[in-house]
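What follows is a set of notes on a single structure, which appears directly below.
Nothing in this text is a laboratory measurement; each read-out follows from the coordinates by a stated rule. All of these numbers come straight from a predicted model, not from anything done at the bench. Here Cβ is always computed from backbone atoms with ideal geometry, including for glycine, and neighbour counts include all displayed protein chains.
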Amino acid sequence: KQEVTQIPAALSVPEGENLVLNCSFTDSAIYNLQWFRQDPGKGLTSLLLIQSSQREQTSGRLNASLDKSSGRSTLYIAASQPGDSATYLCAVRGGSGGSNYKLTFGKGTLLTVNP
Amino acid sequence: GAGVSQSPSNKVTEKGKDVELRCDPISGHTALYWYRQRLGQGLEFLIYFQGNSAPDKSGLPSDRFSAERTGESVSTLTIQRTQQEDSAVYLCASSLDPGTDTQYFGPGTRLTVL
């Protein structure tokens, strides 16, 4: 059974700092990995999707990497801003014997960026 | 264009009552998914629709939970005889291609069972 772990559970940083969020998964036979942002009352917003054949994806100040063989992904946020404050979720699609559509989520990292 | 919408946004009900939660996916998305997020827990997969068929219902927690989809569009998640442990945020997502495409999520329905 695929399991996803996110570290740390919570992170508080001053504005302008670069930071890294970590995600690990137990079964490396994934189809892709997705990072989401969750704001209260607004559901999930997809940030980056990395296919299993890719090593990283970039969007603006965000960079996500994927090391499938070791079961790890990182989300790098450059020059953090107070508006980045949210819960960041990592989700993987698939795993040995699993489906190619079901997402397995971590519990998230609650990020607070202080002005 | 319009994103995934869900209604109601909040629902408070008494234990033992039935509730219906609605999801309107993005137009043209053939795949639709329901997830549940209980307090302090990660999102749990409930059910997946491809068109109007549900090839995977493995995440439904009990036979009190059911879901349907019509017209390859709107989906309804029904919980019968609600229990307090059903309290959670229920999230719906849709995608063009279930295999590789991004899943787009709605804002969720917060269900509270008293």
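Observations on the model:
- Fewest-first sequence of B:102, B:112 by Cβ atoms within 10 Å of each Cβ: B:112, B:102
- Look at the alpha carbon pairs under 8 Å that are at least 6 residues apart: their mean separation over the length of region B:15-113 gives a relative contact order of 34 percent.
- A DSSP coil position with no more than 15 other Cβ atoms inside 10 Å describes the following trypsin sites (Lys or Arg not before Pro) in region A:49-92: A:55, A:61.
- For region B:84-95, putting each phi into the Karplus relation 6.51 cos²θ - 1.76 cosθ + 1.60 with θ = phi - 60° gives couplings of 4, 6, 7, 4, 4, 9, 9, 10, 10, 9, 9, 8 Hz, in residue order, rounded to whole numbers and with x for Gly and Pro.
- Inter-centroid distance (Cα atoms) of region A:50-91 relative to region B:21-70, Å: 26 Å
- Under the convention that each Lys and Arg Cβ holds +1 and each Asp and Glu Cβ holds -1, the size of the dipole of chain B around its Cα centre is about 380 debye.
- Hydrodynamic radius of chain B per Kirkwood, over alpha carbon pairs, in Å: 14.0 Å
- Taking only the alpha carbons of chain A, we obtain Rg and Dmax values of 13.7, 46 Å in that order.
- Relative compactness, the protein assembly as shown, computed as alpha-carbon Rg over 2.2 N^0.38 Å: 1.01
- Across region A:1-40, the mean sequence separation of Cα contacts (distance under 8 Å, 6 or more residues apart), normalised by length, yields a relative contact order of 48 percent.
- Nonlocal amide H pairs with residue A:112, under 5 Å, H built at 1.01 Å: A:11, A:12, A:13
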